[in-house]
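Here's the structure we're looking at; comments come further down.
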Amino acid sequence: MTAIDVTAAAVTAALSIIDENLVEFGDRYPGDTTVGDRYVLRPANTGWTTSFWPGMLWLAHDLTGDERYLKAASGHVRSFAARVANGSDVDTHDLGFLYTLSCVTAYRRTGNEEAKRAALAAADHLTSRVLEPAGIIQAWGDLRDPAQRGRTIIDSLMNTPLLFWAARETGEQRYAAAARRHTAQLRDHILRPDGSTFHTFYWDPATGAPLRGETEQGHADDSCWARGQAWGIYGFLLNHRYTGDPSFLDAARRCADYFLAHLPPDNVPFWDLSLTGVERDSSAAAIAVCGLAALGDDDAATRILGSLIDDYTSTGNALLRHGVYDKPKGIGVDEGTLWGDYFYLEALTRVTRPGWTHPW
């Protein structure tokens, strides 16, 4: 088979699994990760990953033009609108993930006004997490808890597109200003001189002074968590696209260089780039493919995607196997992951639909 044939077969296989999951989950949500290679039903629309399910449905519509995917993806708007209106599990920077894929995309594609209102409400809630002395968007949790004050994480780079969208939609530049200042702080502090990244970083809540980098899901505070490094590639690049700031593009390239230099022979990273002989994280590879493709590094993106297609596609109801959610806590280790599936399908869409407009 040619490379084109292999990729086309991968798309067909992925859509087949999505069809199976559409029957099982419909307008409800799979869990964050598989359990024994199969997703189980999540009790409600909670957590940071639920939007990756409608996100995959939008991608399936892009790939096929099939109206049943559009209808199914649109059907999730009401749940997300209710979630932000009710303040249900919204104390997180991940509102960008949650509302870009579920509601911003729905509004862009169909003009759904309920989706627009929900996404703008989410953007407002996200700006309430800005710590003004430091200019950062705080990561997660109730900010009345002192333990949650002054911390951000590298994943947040993927959540700022919601703010840039809100700025363009409303004309209120406070959204974009918050996103740009936040990204600059991560460029200066979460990105290390060698191109690796901290998972989390703390600032003094009162003065805004930078304090220290730590990890939550990596091997050690001074190691390099693979998924975080992949977020850095894609996230800094997206922020460059919105701002034109060349230092953000340079940050994305530095993250990419470090990531690529620490890959094993099959091009799918161990869950922490400082380690060898441990579990891989296919989700980090899928995220990196999207970031590398956006950077124009098609050769590296093609190599990594080819390895995922050949050796990491699932035998259960996930698109990818061998992902890792949180190894230190023993959560979702060597399983499929909802975000890994989404970014794998985004990568396949990028390859098979030239000129495709991404949702970020």
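Please identify every one of the trypsin sites (Lys or Arg not before Pro) in the stretch 130-159 that sits in a loop by DSSP and has no more than 12 other beta carbons within 10 Å of its own beta carbon. Hits after loop and neighbour filter: ARG144.
Within the same chain, lysines fewer than 8 places from LYS71 are excluded, and of the rest, those with a Cα less than 24 Å from its Cα are LYS116.
Label-to-label distance, ASP194 versus GLU169, with points set 7 angstrom from Cα along the beta-carbon direction: 4.2 nm. Once the 1.4 Å probe is applied to the protein heavy atoms, the stretch 152-279 comes out at 36 Å² accessible per residue.
Of the solvent-accessible surface of the stretch 1-115, computed with a 1.4 Å probe over protein heavy atoms with every protein chain present, carbon and sulfur atoms account for 56 percent. Model label sites at ASP250 and ASP221, defined 7 Å from Cα along the beta-carbon direction, differ in position by 2.8 nm.
Enumerate by residue number the trypsin sites (Lys or Arg not before Pro) in the stretch 255-329 meeting two conditions: DSSP loop (anything except H, G, I, E, B), and at most 14 other Cβ atoms within 10 Å of the site's Cβ.
Here the sparse-neighbourhood loop sites are LYS329.
In terms of Cα atoms, the Rg and Dmax of the stretch 134-275 work out to 15.1, 48 Å. Taken over the alpha carbons of the stretch 170-237 as equal point scatterers, the Debye sum produces base-10 log I(q)/I(0) values at 0.19, 0.20 Å⁻¹ of -0.79, -0.86.
Mean residue ellipticity at 222 nm, helices only, the chain: -16000 deg cm²/dmol; runs of at least 4 DSSP H residues each add -39,500 (n - 2.57), and the sum is divided by the number of residues. Of the solvent-accessible surface of the stretch 214-360, computed with a 1.4 Å probe over protein heavy atoms with every protein chain present, carbon and sulfur atoms account for 46 percent. For the stretch 210-229 versus the stretch 107-123, the inter-centroid distance based on Cα atoms is 34 Å.
Basic side chains Lys and Arg get +1 at the Cβ, acidic Asp and Glu get -1 at the Cβ, and with that the dipole of the chain about its Cα centre reaches some 940 debye.
Stokes-Einstein diffusion of the chain at 10 °C, 1.306 mPa s viscosity, Kirkwood radius from Cα pairs, rounded to a whole number: 79 µm²/s. Using the average count of surrounding beta-carbon atoms within 10 Å as a protection proxy, the listed peptides 99-110, 116-127, 84-95 rank, highest first, as 99-110, 116-127, 84-95. Taking the Cα centre of the stretch 221-264 as origin and assigning +1 to Lys and Arg Cβ atoms and -1 to Asp and Glu Cβ atoms, the resulting dipole is close to 200 debye.
The phi torsions of the stretch 143-150, fed into the Karplus equation with coefficients 6.51, -1.76 and 1.60 and a -60° offset, translate into couplings of 6, 6, 7, x, 5, 9, 7, x Hz, rounded to whole numbers, with Gly and Pro shown as x.
Result for the chain in a Gaussian network model with C-alpha springs under 10 Å: among ASP281, ASP245, ASP341, the largest mean-square fluctuation is at ASP245.
The values are calculated or read from the model by the stated rules, or taken from the named source; none is laboratory data. Predicted, not measured: the structure shown is a model, and the values here were computed from it. Positions of Cβ are generated from backbone atoms using ideal geometry, with glycine treated the same way; all protein chains shown enter the neighbour counts. Just the protein is used for accessible areas: all its heavy atoms, side chains included, with ligands, DNA and RNA removed. Shrake-Rupley method; radii C 1.70, N 1.55, O 1.52, S 1.80 Å.
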